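Engineer: What follows is a structure written as structure tokens; I'll ask about it next.
The values are calculated or read from the model by the stated rules, or taken from the named source; none is laboratory data. Since this is a predicted model, take the numbers as computed values, not measurements. Positions of Cβ are backbone-derived with ideal geometry, glycine not excepted, and every protein chain shown enters the neighbour counts.
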Amino acid sequence: MSAAADRPIATGRSATGMPTGRLAVWWIIASEIVIFGGLLGSYVMHRLAHDAFAEQAAHTNTWIGAFNTFVLLTSSLFAVQAHKASDEGDGKKAARLLYYTMAGGVIFLVVKAFEWTTEIQAGYTIASNTFWSFYYTAAGIHAAHVIAGVIIMGIVAQTAKKNLELQRVELIGLYWHFVDVVWIFLFPLLYIAK
Amino acid sequence: MVVQHADPAHEHGDHHATQSWVKKYLLSTDHKIICFQYMFTGMTLAIVAGFFSYVFRMQMAFPGMNVPGWGLVTPSDYNMLVTNHGAIMIFWVAMPVLIAAFGNYLIPLMIGADDMVFPKINRLSYQIFLLSVVVLFASFFVDGGGFGGAWTMYPPLMAKAEYNLTGAGSSVFLLAVALEFVAFLLGGINFVTTAMNARAPGMKLYDIPIVVWMIVIASILFMASVGPLIAGAVMMLFDQQLGTAFFDPNRGGDPILWQHLFWFFGHPEVYVVLLPAIGIVAEIITVFSRKKLFAYKTVLNTAIGTGILSFTVWAHHQFVAGIDPRMANIFTVTTLIISIPIAEMMFVYVATLYGGSITLSTPMLWALGFIGTFLIGGVTGIFLGASGADIYLHDTYFVLAHFHYTFFPIAIIGTYAGLTFWFPKMFGKEMNETLGKIHFWGTFISFNCIFIPLFFTGMLGDHRRIFDYTNFPELTTPMLENLRAFATLSLIVMLGFQLVFVYNFVTSLLWGKKAEINPWRANTLEWTTASPPPHGNWPVLPTVYRGPYEYSVPGRKDDFWPQDAKG
């Protein structure tokens with residue numbers, strides 16, 4: 001526990017009653033909400049002003065989007081179970097469940113790569129028109145969050161396996177749910193509203 | 001509800017006695033060292049931006065002259081200089097010094113903690129900030145030179161290389177700004193969680209010094225407003241590099257969208273830097289009036305109210321951009337409303353001064369100077385907030401003078417106030433008061449001599465984007481030329497007076513009188529530990545028994561009552 005011993009006393013304090021790590025993750029999520037809020041707000045305003053968007057949106061593949069939604073939601077279920085395991089002090093089980101969550105994230109990205117390749121081959125690139133620009137930008141920023149989440153989850157799982165820093169399992173879970181929720185907004189906006 | 005989980009067995013100790021220079025000053029996780037890193041980086045950048053202002057002001061006053069230290073100012077030089085002067089002063093001077101440096105130094109010391117809650121993230125925040133400085137400097141030297149489309153980066157000038165002629169420079173500039181945002185998001189989350197969670201036992205919400213509240217509110221404002229601009233920056237970068245058309249009306253985009261995204265951040269940003277400066281002034285005024293802050297809760301609630309209101313005024317920057325006039329009316333009303341809470345804070349400070357036993361020390365002079373100059377900045381803002389008057393005054397030197405009457409008090413006067421006030425604590429030495437006062441009066445008078453003439457040139461029609469007035473016969477009257485030359489000479493005088501500060505700073509640091517623990521006889525917790533505070537701040541972390549502003553309490557021998565004193 002040498003890492004914990006180096007920590008300032010301040011880190012262990014909790015005047016609000018909420019552990020500092022959880023508080024910080026909520027603030028990170030708050031700042032992320034406005035990033036996606038600005039992007040999706042711009043998208044919705046454009047969409048309302050341009051009827052041509054609907055024609056373009058008709059070319060997105062709803063089934064692939066739905067499959068990815070299913071994959072991401074399932075991975076969130078594993079994240080919840082990992083949190084439960086860490087609460088019970090079972091770091092090994094928590095780490096295993098985190099690996100399942102990561103697998104969900106990887107499947108999501110592979111499907112996404114396949115989908116994008118198909119779209120680009122069909123001639124719909126980021127510069128085709130504003131709908132496709134938003135499509136690739138919004139989903140791309142989201143995918144960057146998925147990649148970051150998978151990497152951080154791998155690091156958390158490594159320590160959780162040794163029964164260390166188990167509170168981190170909950171924190172990365174919070175973040176993962178947020179990434180999920182962003183997709184819940186993206187899926188109808190990009191794939192369903194045609 | 002206050003829950004205290006700190007383990008008392010750990011409330012001691014300094015296990016970092018011997019460290020190498022690199023570890024201690026470059027890779028430190030100590031909040032005080034990170035404060036110095038931010039502060040000295042910010043001050044270095046202030047010298048760069050000050051030099052830029054000297055060069056373009058010389059071109060304004062004496063068009064076509066060979067500026068000593070630069071040479072002939074070409075139109076693209078001029079654009080690059082004004083753009084980067086603005087961007088540097090806001091993003092790389094005001095923010096790192098006022099929020100990051102003072103926030104880092106004051107938050108743990110004023111709430112009685114041994115460090116920030118996330119010291120490594122704190123260090124990472126500075127490292128990313130330093131990287132953003134390097135990237136910014138790189139943008140000056142790429143093909144085509146530094147970006148020159150104003151710090152607001154409006155498309156299509158920003159988006160299209162064929163218009164700005166600095167294709168590489170504008171992308172690198174955008175990257176530098178984005179990195180700077182990342183640094184301050186990391187820093188801000190640290191500030192907010194530290195102030196929320198790491199307070200000393202006994203410190204209730206209303207026992208937190210106002211300056212800490214202000215920095216926390218500012219950090220939250222930044223977090224809540226910068227997101228859309230981050231998204232906008234990605235979109236802009238794609239417009240530049242990948243051929244998208246988010247901001248190109250010919251291909252279905254909308255250039256006004258950028259203005260909305262930018263000013264949705266840009267206007268709260270004014271309050272992001274204003275609030276810490278107002279907080280610094282509150283601390284100084286109470287100490288040097290020996291009086292309790294008049295209406296602590298009013299100041300706090302007013303600051304929160306200002307923060308919320310600041311999200312509803314952004315389109316007053318866009319009155320001439322073709323927004324719906326009915327919309328302009330709404331933004332005129334909200335803009336005029338926001339002057340009320342700020343006026344309220346000014347009145348609270350005057351009420352605090354009233355009847356106090358005032359000492360006109362150097363920090364107090366700066367604090368009073370802040371109130372006076374910011375007042376002029378606020379009052380001239382009323383003209384610009386009214387959409388009718390703004391249509392005439394928009395993009396003239398009147399706007400520029402108004403802006404500098406708000407930002408100079410914030411970024412320069414506020415910083416000097418804080419620096420002269422906390423210098424004894426930061427460095428354990430006292431500054432020379434006589435030199436401090438010479439520096440104050442020299443800066444204060446010459447600042448007014450720069451910008452009062454510019455209000456008049458603006459009203460007479462000087463447009464801020466004109467590089468050489470000799471092309472405009474109606475703007476080359478002797479009166480306008482004299483006013484411009486007077487402003488430029490005043491700028492040179494003001495920059496000259498900063499040498500007094502540098503001299504005072506360096507000599508005080510090296511040979512100054514050793515400072516006591518509490519030279520100003522102040523109440524807040526940072527004055528209860530050694531000057532400078534050791535690693536870990538206190539041998540035993542303090543406990544708090546009362547609010548921060550108990551000065552001249554009747555029946556007490558001393559006219560101050562430290563927050564950690566039991567009786």
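Engineer: Count, please, the residues in segment B:239-259 that happen to be in a helix (DSSP H, G or I) and at the interface with chain A (Cβ under 10 Å from one of its Cβ atoms).
Structural biologist: Our first condition is that a residue be in a helix (DSSP H, G or I); within segment B:239-259, this holds for B:239-241, B:249-251, B:255-259.
Add one more test, that the residue is at the interface with chain A (Cβ under 10 Å from one of its Cβ atoms), and what stays is B:239, B:251, B:257-258.
Counting residues in segment B:239-259 that are in a helix (DSSP H, G or I) and at the interface with chain A (Cβ under 10 Å from one of its Cβ atoms) gives 4.
Engineer: Separate question: Exactly one condition in (1) touching a residue at least 40 places away in the same chain (Cβ under 8 Å); (2) hydroxyl-bearing (Ser, Thr, Tyr); (3) in contact with a Gly (Cβ under 7 Å, 6 or more places away or on another chain) is false for A:Thr74; which is it?
Structural biologist: Here A:Thr74 clears every test but (1).
Engineer: What helices (runs of 4 or more DSSP H) lie completely within segment B:29-134 and have 3 or more residues being in contact (Cβ under 8 Å) with a residue 60 or more places away in the chain and basic (Lys, Arg)?
Structural biologist: Counting at least 3 such residues, we get no helices (runs of 4 or more DSSP H) at all.
Engineer: Would you point out the residue of segment B:260-279, among those that are more than 14 Å from chain A (Cβ to nearest Cβ) and of a type in the set (Val, Ile, Thr), that is surrounded by the fewest Cβ atoms within 10 Å (Cβ to Cβ)?
Structural biologist: B:Val270
Engineer: Could you run through segment A:96-138 and say how many residues are more than 14 Å from chain B (Cβ to nearest Cβ), in contact with a helix residue (DSSP H, G or I) (Cβ under 8 Å, 6 or more places away or on another chain) and of a type in the set (Val, Ile, Thr)?
Structural biologist: So the answer is 4.
Engineer: Oh, and also: Residue pairs, Cβ under 9 Å, 6 or more apart or interchain, first in segment B:234-251 and at positive phi, second surrounded by 14 or more Cβ atoms within 10 Å (Cβ to Cβ). List them.
Structural biologist: B:Gly243/A:Thr125; B:Gly243/A:Ile126; B:Gly243/A:Ala127
Engineer: In segment A:50-61, how many residues are outside any helix (DSSP H, G or I) and at the interface with chain B (Cβ under 9 Å from one of its Cβ atoms)?
Structural biologist: Here the count works out to 1.
Engineer: So, one more: Look through A:Arg47, A:Arg22, A:Arg7 and report the one residue that is surrounded by fewer than 20 Cβ atoms within 10 Å (Cβ to Cβ), touching a Leu at 6+ places or on another chain (Cβ under 9 Å), more than 27 Å from B:Ala233 (Cα to Cα) and within 12 Å of chain B (Cβ to nearest Cβ).
Structural biologist: None of the other options fit; the residue is A:Arg22.
Engineer: Among the residues of segment B:407-460, write down those that are free of Cβ contacts under 8 Å to residues at least 60 places away in the same chain and touching a helix residue (DSSP H, G or I) at 6+ places or on another chain (Cβ under 7 Å).
Structural biologist: B:Phe408, B:Thr420, B:Gly442, B:Thr443, B:Ser446, B:Cys449, B:Ile450, B:Phe451, B:Pro453, B:Leu454, B:Phe456, B:Leu460 - these are the residues of segment B:407-460 that are free of Cβ contacts under 8 Å to residues at least 60 places away in the same chain and touching a helix residue (DSSP H, G or I) at 6+ places or on another chain (Cβ under 7 Å).
Engineer: Also, I was wondering about something else. Determine whether segment B:195-211 contains at least one residue that is within 24 Å of the chain's Cα centre (by Cα), assigned to a helix (DSSP H, G or I) and more than 10 Å from chain A (Cβ to nearest Cβ).
Structural biologist: yes
Engineer: Consider A:Thr60 carefully, then state whether it is farther than 27 Å from A:Val156 by Cβ, in contact with a helix residue (DSSP H, G or I) (Cβ under 9 Å, 6 or more places away or on another chain) and at pLDDT below 95.
Structural biologist: Criteria met by A:Thr60.
Engineer: For the structure I just gave you, tell me whether B:Phe222 is within 29 Å of B:Gln563 (Cβ to Cβ), outside any loop (DSSP other than H, G, I, E, B) and more than 7 Å from chain A (Cβ to nearest Cβ).
Structural biologist: yes
Engineer: Can you name every residue in segment A:146-194 that is over 19 Å from A:Gly65 (Cβ atoms) and among the charged types (D, E, K, R)?
Structural biologist: A:Lys161, A:Lys162, A:Glu165, A:Arg168, A:Glu170
Engineer: A follow-up question, please. Return the total of residues in segment B:277-327 being aromatic (Phe, Trp, Tyr) and in contact with a His (Cβ under 7 Å, 6 or more places away or on another chain). First the steps, then the outcome.
Structural biologist: Residues of segment B:277-327 that are aromatic (Phe, Trp, Tyr), as a first pass: B:288, B:294, B:296, B:311, B:314, B:319.
Imposing the further condition that a residue be in contact with a His (Cβ under 7 Å, 6 or more places away or on another chain) reduces the set to B:314, B:319.
Residues that pass the stated criteria total 2.
Engineer: Using the structure shown, decide if B:Tyr105 is at pLDDT 95 or above and touching a Pro at 6+ places or on another chain (Cβ under 7 Å).
Structural biologist: In short, no.
Engineer: Only helices (runs of 4 or more DSSP H) wholly contained in segment B:379-475 count here; list those with 2 or more residues that are within 23 Å of the chain's Cα centre (by Cα) and farther than 30 Å from B:Ala515 by Cα. Steps first, please.
Structural biologist: Working: elements: B:387-393, B:397-407, B:414-427, B:433-459.
Helices (runs of 4 or more DSSP H) meeting the threshold: B:397-407, B:433-459.
Engineer: Consider B:Leu157 carefully, then state whether it is among the hydrophobic types (A, V, I, L, M, F, W, C) and modelled with pLDDT under 95.
Structural biologist: Judged against the criteria, B:Leu157 is a match.
Engineer: Go through segment B:94-143 and give me each residue that's β-branched (Val, Ile, Thr) and within 14 Å of chain A (Cβ to nearest Cβ).
Structural biologist: B:Ile107, B:Ile111, B:Val117, B:Ile121
Engineer: Can you name the number of the only condition in (1) more than 7 Å from every other protein chain (Cβ to nearest Cβ); (2) closer than 21 Å to A:Thr125 by Cβ; (3) under 31 Å from the mean Cα position of the chain (by Cα) that B:Ala231 fails?
Structural biologist: With respect to (1) more than 7 Å from every other protein chain (Cβ to nearest Cβ); (2) closer than 21 Å to A:Thr125 by Cβ; (3) under 31 Å from the mean Cα position of the chain (by Cα), B:Ala231 is out only on (1).
Engineer: Against the definition (within 27 Å of B:His439 (Cα to Cα), at pLDDT below 95 and of a type outside the set (Phe, Trp, Tyr)), how does B:Ser531 come out, yes or no?
Structural biologist: yes
Engineer: May I ask you to say which residue of A:Leu40, A:Leu77 is within 19 Å of A:Gly140 (Cα to Cα) and either surrounded by 16 or more Cβ atoms within 10 Å (Cβ to Cβ) or more than 14 Å from every other protein chain (Cβ to nearest Cβ) (or both)?
Structural biologist: From the options A:Leu40, A:Leu77, the qualifying one is A:Leu40.
Engineer: What single numbered condition from (1) at the interface with chain B (Cβ under 7 Å from one of its Cβ atoms); (2) farther than 18 Å from A:Ala138 by Cα; (3) surrounded by 21 or more Cβ atoms within 10 Å (Cβ to Cβ); (4) not β-branched (Val, Ile, Thr) fails to hold for A:Ala82?
Structural biologist: Among (1) at the interface with chain B (Cβ under 7 Å from one of its Cβ atoms); (2) farther than 18 Å from A:Ala138 by Cα; (3) surrounded by 21 or more Cβ atoms within 10 Å (Cβ to Cβ); (4) not β-branched (Val, Ile, Thr), the lone unmet condition for A:Ala82 is (1).
Engineer: Scan B:Leu179, B:Leu185 and give me the residue that is hydrophobic (A, V, I, L, M, F, W, C), crowded, with 22+ Cβ neighbours inside 10 Å and in a helix (DSSP H, G or I).
Structural biologist: Criteria check complete, one pass: B:Leu185.
Engineer: In segment B:182-194, what count of residues is obtained for those that are closer than 21 Å to B:Trp538 by Cα and more than 9 Å from every other protein chain (Cβ to nearest Cβ)?
Structural biologist: The number of residues fulfilling the criteria is 1.
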